[in-house]
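The values are calculated or read from the model by the stated rules, or taken from the named source; none is laboratory data. The shown structure was predicted, so the numbers you read here are calculated from the model rather than taken from an experiment. Quick reminder, even Gly has a Cβ in these numbers, built from the backbone with ideal geometry, and neighbours come from all protein chains shown. All accessible areas refer to the heavy atoms of the entire protein, side chains included, with ligands and DNA or RNA removed. Shrake-Rupley method; radii C 1.70, N 1.55, O 1.52, S 1.80 Å.
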Amino acid sequence: QVQLVESGGGLVQPGGSLRLSCAFSGAFFSLNAMAWYHQAPGKERKLVAEISSGDITTYADSVKGRFTISRDNANKMVYLQMSSLKPEDTAVYYCYARRRSTFWGQGTQVTVSS
């Protein structure tokens, strides 16, 4: 059974940076596509960034050039480096894993406010 645990969220001022981390427990991490989604209050959950098992990355248009997703297969970790943060980035950020099944973490709150 796969478990995902996010960390690194918090309160940051506009223009600031945060790095989110996702720890994966279970087998075959390197074979999973991994992603970050976010969900703002009253809105649907949306894809932020994805990294395939072959390290191909995809980003939502709203975060291109500001966010970077990466993975560390040796330590079963996925990261989301967020820079030039905007108030509209405020949301709960969820880690996601996909291979034969899909799994979600519990989420971590990111608040961008002065």
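Quick one: net charge of Met77's neighbours, Cβ under 13 Å, K/R +1, D/E -1?
Around Met77, the surrounding residues sum to +1.
For the range 1-82, what is the Kirkwood estimate of the hydrodynamic radius, computed as the reciprocal of the mean inverse distance between distinct Cα atoms, to one decimal in Å?
13.5
When the Cα centres of the range 6-70 and the range 82-109 are compared, how far apart do they sit, in Å?
One Cα centre to the other: 5 Å.
What whole-number value in Å² describes the accessible area per residue of the chain for a 1.4 Å probe?
53
Reachable lysines from Lys46, Cα under 18 Å, same-chain residues fewer than 8 places away excluded?
In chain and number order, the partners are Lys64, Lys86.
Report the gain in length on full extension from Glu88 to Leu47: 0.36 nm times residue separation, minus Cα-Cα distance, nm rounded to one decimal.
Value of the extension gain: 13.3 nm.
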